[in-house]
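Report on the structure given below.
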Amino acid sequence: MMKNSEIRNSFVDYFKKNNHTYVPSSSLIPENDPTLLFANAGMNQFKNSFLGLEKRDYNKAVSVQKCVRAGGKHNDLDNVGFTARHHTFFEMLGNFSFGDYFKKDAIHYAWEFLTKELKIPKEKLYVTVFETDDEAADLWHKQEGLPKDRIFRLGEKDNFWRMGDVGPCGPSSEIFYDHGAKAGNESDPYKGIISGEDRYVEIWNLVFMQFYEEAPGKMTPLPKPSVDTGAGFERVVAAIQGQFANYDTDLFLPMLDCASKLASRSYVSDPGILKNDPAVRERVAAMRVLADHCRSTSFLLADGALPSNEGRGYVLRRIMRRAIRYGRKLSIGHSFLPAMSEVLISQMGDVYPELKNRKDHIIATIKDEESRFLQTLDNGSAILNDELSALKKQNQKSVSGETLFKLYDTYGFPVDLTAVIAAEQGLQVDEAGFEKVMQASKEKAKSSWKGKSIQADEKHLLELTQKFSKTPTQFVGYESMTTATQITALSNGTAEVTSLKAGQSGFIILKDTAFYAEGGGQVGDQGTLKSKSGEARVLNTTKQSDLFIHHIEMLAGELKTGDTVETQVELSERRQTTTNHSATHLMHAALRKVLGTHVTQAGSLVDSSKTRFDFTHNKPMTSDEIKKVEALVNNEIAEAHPVQAEVMPHKQALEKGAMALFGEKYGDHVRVLTMGGFSSELCGGTHVKNTAEIRAFKIISESGVSAGVRRIEAITGQSAINYFLKNTDELLAARQSTGSTPDKPITAWIEEKKEEIKDLQKQIRKAQSGQINIDDIIKSAKDFTSLAGPAKLIFADLALDDRDVLSQISDQIKNKIPRGIVIVIGKNENSNPVIISVSKEMNSQFKAGDLLKDFAQILGGKGGGRPDFAQGSVPDRSKLSEAFEMISKKVLQ
């Protein structure tokens, strides 16, 4: 039986033998593709090649692509663990032709690989073709010898592929594997395939891109048809290893064995047992969820994704938290996800080195997220169950979108997790309502934000890029900040135009440019461009493929396509941005020296005012660590090292020790930025010529962004010098005001004053509590008999708002009675403090937290605490008598 590693290698070797170039998997985080949440198909990294926007050194490729489908229209999350082959993470085997071979070779390669290389029996395979694709059907029958009764013609829904509403498209042909009668009852393969029965599983899809769709239904033949194929690796492995469920292959069994040992419960693969024993079925589903989710979690973390509350980070957090909760179902006392991820890394780290390279970061982030979520789960489950119980009492059958959003926004419960817990109590959830509330919240949050880039119609920008892809913009901004150049194209943002006039805004594409296009964390340049007949301000510069898009607003006159223009980058903005970017490289290197080599960039924003740098580290930096980083950077600045930029092959750059950043896409040749012997990184940004130009460096803040990620904001140059001078002036003024000296720092004076203030506060509280006659309050007590014996119920309404004083009074009252319940309410303009204490021997009958909840509810407030002591606040004192009466009835009945 072939191992999964042998099957993977066999695929790549077969196509390399057939003159395909092996292209490693791209990151799961798509590069410059806002249409994708995660890489979800092998063709993603070749999209621009298929669109004609990118020319590569080869026209035939083979890859094994990492993929995640757990959000958007490709969302398999709810099914994962409960079916034989749904996954969040999977590998896609693919071979591609960019205008080279077409249907004839694509069909031959697929059939030969499956039947000869992998030795799959031909009688186990069936194929489908598009209903009018006679060419493909004939090739399967005549060229490969497949009987006609094993070739099925299906319609557009099943066998016609589109990249989108506009773009390349064409018929497809799918190969199905028959798992045999044990996997399903349908013996007719045609009926089994169209009904989607598990017995007949699609293992390979061949897409023949032969048309370009200009509008729905309007297609023209492509001059160079292409091929995009994708074979689900897990499904192929299952077929080769004779397993119906992907989970029962050697891709998953090591993780499942780990889960089984931790839980001290066996993993069962027998379909009969799974069908007939609900308890076993639930246990196995939990183990499968963990096995799948540890794969997607580990690979996403390795590629730079981080758990958060929005976008990709939110999807990752949902995956992680779903796995953690299923781990809790297996065993409360064990942590599954970190241990299973370690098994995965040891299993697949040789194939995907990023797993090994980032192992410490992966495991630390998982443990941190698990700790956070278990605390949320423990604290929030009671709140969630209270919400669900209240709904059931009201005969509600669905959790509203508002409630879902409150649970998500306030308590950190992902909607799908709430849905699972609600389903366990027989309730549904209004996900559409949640999305509506979520969208309204997002709109509110961004309503005050105004971007400086002109908004473009996506289709128009794609068409513009395709039209001018053969004349890429030449960037001259490393050497110069001015150019005399020619206007290649103009756009008003939605359509190409021949001219733009004063008052209008849009895009300009130039033959060459000194304007740096936004990328690598560095903002795009601003500036001006002038011709004899017009002038425009450049608001921003972005990049689409190899074209630089200048976002402009016209200031005067008119600019026309073909005009010669003088361009000028805004000098001070560029210089300060450049200074901040170079300092970021030094800071990155310094962080790795001070904190450890686990530190890698997790995001950055470099503009003229500051550098903002996100990096992987699982705890706050100490003040000493921050000082060490600052000292290292400032020392490199003082050393006045020349900054050298050199273009070299990617492989050579890595061998020389240059650092490649996660989430960045690099070509065959890269630009290496070296600063003395201290820093060496791949970078296409603009930089100083010598580190001395940075002048000074200062970290102004360090904070947490999400689990395992910290953020530093720092300033350089004149901004840093101004910061030092301002702080020096403030320090001198403070010394004069406090009378402190260098021998007696101002911090010591502050600590002295804080102690004095504490002492005065104690005296004030003592004086306030001493004014209250405790005996008079006790005289108003109501006597009752508790399960523990005679007791008193005491109410005290006091014109005080200090909780500490109220708490002291409550204790004094309780100490003067044998046992009882003491309710003390204070008075404040906005919110009135409430304290309830109950003698411990009475806690089996009365709990302070429950009494407080009932008391505060009448007065429009809330609170909580221990059985013997609880506190809260209430805004409305008008119903105080009603609240006292309610408690009296409850206690004295």
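The values are calculated or read from the model by the stated rules, or taken from the named source; none is laboratory data. Keep in mind that what you see is a predicted model, and the values were worked out from it rather than measured. All Cβ positions, even for glycine, are placed from backbone atoms using ideal geometry, and neighbour counts span all protein chains on display. With ligands, DNA and RNA removed, areas are computed over all heavy atoms of the protein, side chains included. Shrake-Rupley method; radii C 1.70, N 1.55, O 1.52, S 1.80 Å.
Tell me, which helices (runs of 4 or more DSSP H) lie completely within region 203-276 with 3 or more residues that are open to solvent by less than 40 Å² (accessible area, probe 1.4 Å) and of a type outside the set (Phe, Trp, Tyr)? Lay out the reasoning, then the answer.
Working: elements: 233-240, 253-263, 271-276.
In region 203-276, the matching helices (runs of 4 or more DSSP H) lie at 233-240, 253-263.
Just one of LYS116, LYS142 is open to solvent by 30 Å² or more (accessible area, probe 1.4 Å), outside any strand (DSSP E or B) and under 24 Å from VAL12 (Cα atoms); which is it? Give the derivation first.
Details: LYS142 fails: under 24 Å from VAL12 (Cα atoms).
Result: LYS116 is the single residue among LYS116, LYS142 that is open to solvent by 30 Å² or more (accessible area, probe 1.4 Å), outside any strand (DSSP E or B) and under 24 Å from VAL12 (Cα atoms).
If you take the residues in region 9-49 that are among the charged types (D, E, K, R), in a helix (DSSP H, G or I) and in contact (Cβ under 8 Å) with a residue 24 or more places away in the chain, which one is surrounded by the most Cβ atoms within 10 Å (Cβ to Cβ)?
As a first pass, look at region 9-49 and keep what is among the charged types (D, E, K, R): 13, 16-17, 31, 33, 47.
Now restrict to residues that are in a helix (DSSP H, G or I): 13, 16-17, 47.
Restricting the remaining residues to those that are in contact (Cβ under 8 Å) with a residue 24 or more places away in the chain gives 16, 47.
On the way: LYS16: 12, LYS47: 20.
Looking at the filtered set, the residue picked out is LYS47.
Please indicate, with yes or no, whether at least one residue in region 184-201 is open to solvent by less than 50 Å² (accessible area, probe 1.4 Å) and at pLDDT below 85. If you could, list the steps in order and put the result at the bottom.
Quick first cut of region 184-201, residues open to solvent by less than 50 Å² (accessible area, probe 1.4 Å) only: 184, 189, 192-193, 197, 199-201.
The next check asks that each one be at pLDDT below 85; those that pass are 184.
Scanning region 184-201 turns up at least one residue that is open to solvent by less than 50 Å² (accessible area, probe 1.4 Å) and at pLDDT below 85.
What pairs come out if I take residues in region 91-107 that are surrounded by fewer than 20 Cβ atoms within 10 Å (Cβ to Cβ) and pair them with residues that are aromatic (Phe, Trp, Tyr) whose C-beta lies under 7 Å away, six or more apart or interchain?
PHE102/PHE208
Quick one: in region 710-741, of everything that is touching a helix residue (DSSP H, G or I) at 6+ places or on another chain (Cβ under 8 Å) and β-branched (Val, Ile, Thr), which residue is surrounded by the most Cβ atoms within 10 Å (Cβ to Cβ)?
So the residue we want is THR716.
Go through region 609-686 and tell me which strands (runs of 3 or more DSSP E), entirely inside it, have 2 or more residues that are more than 26 Å from ILE700 (Cα to Cα), open to solvent by 70 Å² or more (accessible area, probe 1.4 Å) and at pLDDT 80 or above. So that I can check it myself, show each step before the final result.
Values: elements: 611-616, 643-649, 669-675, 679-682.
The qualifying strands (runs of 3 or more DSSP E) are 643-649.
May I ask you to list pairs of residues, at least six apart or on different chains, whose Cβ atoms are under 8 Å apart, with the first in region 393-405 being open to solvent by 100 Å² or more (accessible area, probe 1.4 Å) and in a helix (DSSP H, G or I) and the second being among the small types (Gly, Ala, Ser) and modelled with pLDDT of 80 or more?
Within 8 Å, the pairs are GLU402/GLY433.
Is it true that some residue in region 860-880 is closer than 19 Å to PHE784 by Cβ and outside any loop (DSSP other than H, G, I, E, B)?
No, the conditions are met nowhere in region 860-880.
Got a number for residues in region 687-702 being of a type outside the set (Lys, Arg) and open to solvent by 50 Å² or more (accessible area, probe 1.4 Å)? Don't jump to the end; show me each part of the working.
Kept after step one, since they are of a type outside the set (Lys, Arg), are these residues of region 687-702: 687-688, 690-694, 696-697, 699-702.
Restricting the remaining residues to those that are open to solvent by 50 Å² or more (accessible area, probe 1.4 Å) gives 693, 700.
Residues in region 687-702 being of a type outside the set (Lys, Arg) and open to solvent by 50 Å² or more (accessible area, probe 1.4 Å): 2 in total.
Report whether or not LEU793 is open to solvent by less than 40 Å² (accessible area, probe 1.4 Å), at pLDDT 90 or above and in a helix (DSSP H, G or I). Don't jump to the end; show me each part of the working.
Numbers: open to solvent by less than 40 Å² (accessible area, probe 1.4 Å): yes; at pLDDT 90 or above: yes; in a helix (DSSP H, G or I): no.
When the stated conditions are applied, LEU793 does not pass them.
Only one of ILE194, ILE203 is touching a helix residue (DSSP H, G or I) at 6+ places or on another chain (Cβ under 6 Å) and aliphatic (A, V, I, L, M); which?
On the way: ILE194 fails: touching a helix residue (DSSP H, G or I) at 6+ places or on another chain (Cβ under 6 Å).
When all the criteria are applied, what remains is ILE203.
Among the residues of region 470-512, which ones are touching a helix residue (DSSP H, G or I) at 6+ places or on another chain (Cβ under 9 Å), open to solvent by 30 Å² or more (accessible area, probe 1.4 Å) and either in a helix (DSSP H, G or I) or over 21 Å from ALA215 (Cβ atoms) (or both)?
Within region 470-512, just MET481 meets the criteria.
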